[in-house]
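No value in this document is a laboratory result; all are computed from the given coordinates. From a predicted model like this one, the values you see are computed outputs, not experimental measurements. A quick note on method: Cβ atoms are made from the backbone with ideal geometry, for glycine too, and the neighbour counts reach across all protein chains shown.
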């Protein structure tokens, strides 16, 4: 029952956003970020209700679904971007790898990594596209300074929320994660960030 609810909830985010995009001609920059945050939030809270193996099964289901969506152009709310990116596939894959490493022992650590990827990365992407004034080219891709600042601020807030502690760790984690995110392109941040964030949290707290 729980695994079905998890699939239904995530599907609502994807299909519902697709319907709204087509009906109101919403920009893909908005719909991608909304789905990104929504599905990552579901994944982050999932270990409270389902087992690690059930979460992995759900992620595999969505990898297949998204690959089919790419082949048949089903989800313009996700795939309607000009740049080359496989972030939609790397997101559930990143959840799978994080789950294999940190669940079921370290749910809090797992959640931190998923929310860094889901919230900080999405906000950085939105700000970077909205206020695209200062750019640096990384492996042929433009990376926005404004987006990196937004990523740092969000990561700092999440670190304080998850680990209300006064110490150097509070700054080290968002700084390292911001530098990591800046060097990742083609959607690899969805795969790498949750693992790096969780490892840092496990090491420093």
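Summary table below
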| item | result |
| --- | --- |
| Likely footprinting exposure, 114, 175, 56, fewest C-beta neighbours within 10 Å first | 175, 56, 114 |
| Convex hull volume per residue for segment 142-205, taking Cα atoms only, in Å³ | 72 |
| Rg/Rh (Cα only; Kirkwood hydrodynamic radius) as it applies to segment 47-111 | 1.06 |
| Stretchable slack from residue 130 to residue 57, in nm (0.36 nm times residue separation minus alpha-carbon distance) | 22.7 nm |
| Cα-projected label distance for residue 24 with residue 8, points at 7 Å along beta-carbon direction, nm | 2.5 |
| Potential extension, residue 1-residue 105 segment - 0.36 nm per residue separation minus Cα distance | 35.1 nm |
| For segment 26-66 and segment 189-205, distance of Cα centres in Å | 18 |
| Shape call, segment 39-82: gyration tensor on alpha carbons, a/c limit 1.5 | oblate |
| Taking 93, 6 and counting other C-beta atoms within 10 Å, the order from fewest to most | 93, 6 |
| Linear extension gain, residue 175 paired with residue 203, 0.36 nm per residue minus alpha-carbon span | 8.6 nm |
| Modelled FRET efficiency - R0 25 Å, residue 71 with residue 15, Cβ distances, 0.05 increments | 0.90 |
| With 5 Å bins from 0: P(r) over segment 8-66, alpha-carbon pairs, percent | 4, 18, 26, 24, 15, 8, 5, 1 |
| Of 131, 86, 151, the one that fluctuates the most in a GNM where the chain has Cα springs shorter than 10 Å | 131 |
| More than 22 angstrom apart: percent of Cα pairs within the chain | 46 |
| Among 12, 119, 37: highest mean-square fluctuation, GNM of the chain, C-alpha pairs under 10 Å | 12 |
| Candidates 106, 90, 72, ranked by Gaussian network fluctuation over the chain, Cα under 10 Å, top entry | 72 |
